[in-house]
C-alpha cells in the first residue's frame, strides 16, 4: 500500500458542549481526510460514570449522534473519517447508537471501537499486581481515597487508534484516548511514520495540541480579539500535515475567525506545562523547538519540531467523592453597590456562621475574577456570590435557606437570583501513574455486533528523563500585596507588549505570556519574573509559581500551584479553571521604554 505525502485533518469539537454545528461546517466547507472531535475532561468522565449507573446504555456524549446524523451520508460519500473520544465510559453503547441511527438513514458505516481504558472495576486487581496509584502531584497514599473512587481511566495514546485504522473503519469511537493521540494516529497510519521516529511523532503531537481546543487556535479567546474579522460561523482548525513532519494550520475559506502566528502561539501556550517536556503516552514533545511562519491568508507553517522517547508509564485520571458544596447569589444595584454588597456579606456570615470546611465571598462586577489586581473602586451592579463546602449536607441546607432570606434584611436595591441554591456533590481529581505493561487497550470492529476483538500490546514504551530547562521558582510572597501592586498601577498596560492565554490542570493554573517583539521579550524577562507573579497573585495562588522561558516563541509559561481553590470541581470560585488569570496579568500597568512601544506601533 502506497503512503500519502500529505493529509488534511480538521477538528470539530474542543470539549463536551462545543458548537453543535461545527461538524456540519467542517464536512461541507471543503475536503478533509479526517475529522477529530474531543469531548472529554477529567470531570466529564465522572459525570458519564454517574449516567451509566442510572442507565447501562448511557455514559457517552449523546449529543454527538445528531451531529453525526447531519453529515454521515456526505462523509461516507467523500471518504472522510471521524475519530472521536465521544465514547466516554461506554464506547460500545456509543457505537451501537451510531449503528441504529445510520440504519434509519439506510446507511451502514464501519465502526471501530477502542476501549480498555476504564479500570474502575479493576483497581483491586491492579493493586495486587503492584500498582500503587499514589497521587502523582503530591505523593499522597491512594488509601486516602480508594473507597470513594467513582471513575478511573487510563490515558491511552495513538497506538491503539493506529491499530484500529488498519481495520479501515469509517468512524473510530474511543474511550479515554488523549486529545493529541486521536490526531496523531491518522498521521502515523497514512504517512507511514515509524513508531520510534520521535521528531515526526512530536510534530503530530504539536499539531494535535494546536487543534484540540477547537476555535482557540482560530481566533477564539484571542487577546487581540478586535483583529478577528468576524466571529460568525467561526472556522474550526485544519492541519495539513506533510510526510516530513512539517505542517500548516488553516481553516476553511470563507469561514469566520482568524489563523495567524499569534493565534497559534497563544494556543501552543495553553496548558503547555514544561515546554521541553510535553509528556504524552506516545512521545515527549519539545515545544522549545517549534518555529512558526506566516504562510499566506489564514495559514501558518510549523517546522523544526523535535522530541524524544516516552516514559514507561500511563497517566490514570481518577475521580472520587469529596464532600458537597453550595453557591448562592443575590444582585445588588448602585449607588454604593460595593458597600452594600459588603454589608450583605457581613449580615449573612454573622447569621450562618463560618463552621464549614471552606467558605467564599465574591463580588462579581467588582473584583471577583481579578481581586485586588482589578484596580476598581465600585460597580454599577454587583452580584454577591456566597459559597460553602462541607462534608455535612445538613449544614449546607441551612446555608442555602439563608440566601433568599437576605433580601429584606439589609440595604435597598437587591434582587434574589435563583432562590435557594442546590447542593452539589464534589468529585475531586486524583491523578496517578501505572506501568504501561500493567494493562493494554482493546479494539473491536462493530458491524451489527462486535467482531475482530483484540488486545493491543505494541505500546510505545521508553525511558525518558527530563532535560535541563530554563526556569525560575518563587516559593513565598516577598512583599505585601499593597507594595506589590504599586509597581503595576502607572504606565502602559502589559497587553500593549504581550499576548496572554491561561488554562488549568487540577489545582494549577497555567498562564502563557507571549511578547510582541524581541525587545518586549527582553523587557518581560526582567520585569515579569516568577516572584513578581507570585506577589501579584498572592490572593489567589497559595503554592509555588514556576516560570519557564520559551525564547523560540518569545514567551514565558507560568505555572501557579494551589491557585484554583482545589480544582475545577471543588472550588467555590466563579473562575473555576483560571481562564481569567491571563487577563488579570495583562491589565497591569508598568513603565515601558518608549523604544519598545514605538517599534510595535510601526
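Conditions tested, residue by residue: (1) more than 24 Å from residue 312 (Cα to Cα); (2) touching a residue at least 40 places away in the same chain (Cβ under 8 Å); (3) in contact with a helix residue (DSSP H, G or I) (Cβ under 8 Å, 6 or more places away or on another chain).
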{"residue": "99", "(1), (2), (3)": "yes, yes, no"}
{"residue": "109", "(1), (2), (3)": "yes, yes, yes"}
{"residue": "113", "(1), (2), (3)": "yes, yes, yes"}
{"residue": "136", "(1), (2), (3)": "no, yes, no"}
{"residue": "140", "(1), (2), (3)": "no, no, no"}
Quick one: in segment 139-148, of everything that is outside any helix (DSSP H, G or I) and modelled with pLDDT of 95 or more, which residue is farthest from residue 567 (Cα to Cα)?
-> 141
For residue 462: the one exception among (1) over 27 Å from residue 177 (Cβ atoms); (2) in contact with a strand residue (DSSP E or B) (Cβ under 8 Å, 6 or more places away or on another chain) = (1)
Answer with yes or no whether residue 564 is in contact (Cβ under 8 Å) with a residue 60 or more places away in the chain, touching a strand residue (DSSP E or B) at 6+ places or on another chain (Cβ under 9 Å), closer than 30 Å to residue 359 by Cα and surrounded by fewer than 22 Cβ atoms within 10 Å (Cβ to Cβ).
-> no
Which of the residues spanning segment 561-586 are touching a helix residue (DSSP H, G or I) at 6+ places or on another chain (Cβ under 7 Å) and farther than 14 Å from residue 515 by Cβ?
-> 568, 569, 584
For segment 157-170, what are the residues that are within 18 Å of residue 39 (Cβ to Cβ) and under 24 Å from the mean Cα position of the chain (by Cα)?
-> 157, 158, 160, 161
In segment 25-138, which helices (runs of 4 or more DSSP H) lie fully inside it and hold 2 or more residues that are farther than 25 Å from residue 209 by Cβ and within 24 Å of the chain's Cα centre (by Cα)?
-> 42-54
Selection over segment 501-520 where residues are within 25 Å of residue 594 (Cβ to Cβ) and buried (at least 23 other Cβ atoms within 10 Å of the Cβ) yields a count of 3
Residue pairs within 7 Å by beta carbon, gap of at least six or interchain, first lying in segment 442-471 and on the phi > 0 side of the Ramachandran plot, second in a strand (DSSP E or B), listed first then second, are 452/444; 452/445
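Residue by residue, here is whether (1) surrounded by 14 or more Cβ atoms within 10 Å (Cβ to Cβ); (2) farther than 21 Å from residue 169 by Cβ; (3) not assigned by TED's automatic domain parsing to the domain that holds residue 112 holds:
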site	(1), (2), (3)
434	yes, yes, yes
445	yes, no, no
462	yes, yes, yes
465	no, yes, yes
482	no, yes, yes
487	yes, yes, yes
490	no, yes, yes
Can you name the residue in segment 1-16 that is in contact (Cβ under 8 Å) with a residue 24 or more places away in the chain and surrounded by fewer than 23 Cβ atoms within 10 Å (Cβ to Cβ) and, of all such residues, is nearest to residue 254 (Cα to Cα)?
-> 8
Is at least one residue of segment 273-290 over 26 Å from residue 510 (Cα atoms) and either in a strand (DSSP E or B) or out of contact with any helix residue (DSSP H, G or I) (no Cβ under 8 Å at 6 or more places or on another chain) (or both)?
-> no
Scanning segment 231-250 for residues that are touching a helix residue (DSSP H, G or I) at 6+ places or on another chain (Cβ under 8 Å) and assigned to a loop (DSSP other than H, G, I, E, B), the one farthest from residue 21 (Cα to Cα) turns out to be 244
Within segment 133-166, tally of residues that are in contact with a strand residue (DSSP E or B) (Cβ under 8 Å, 6 or more places away or on another chain) and farther than 23 Å from residue 445 by Cβ = 13
Check whether at least one residue in segment 293-301 is out of contact with any helix residue (DSSP H, G or I) (no Cβ under 6 Å at 6 or more places or on another chain), at pLDDT 95 or above and within 27 Å of residue 162 (Cα to Cα), and report yes or no.
-> yes
Some residue of segment 84-91 being surrounded by fewer than 23 Cβ atoms within 10 Å (Cβ to Cβ), touching a strand residue (DSSP E or B) at 6+ places or on another chain (Cβ under 7 Å) and at pLDDT 95 or above | no
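The values are calculated or read from the model by the stated rules, or taken from the named source; none is laboratory data. Quantities reported herein were computed from a predicted structural model and do not represent experimental measurements. Counting neighbours? That spans all protein chains shown, and the Cβs are built from the backbone with ideal geometry, glycine included.
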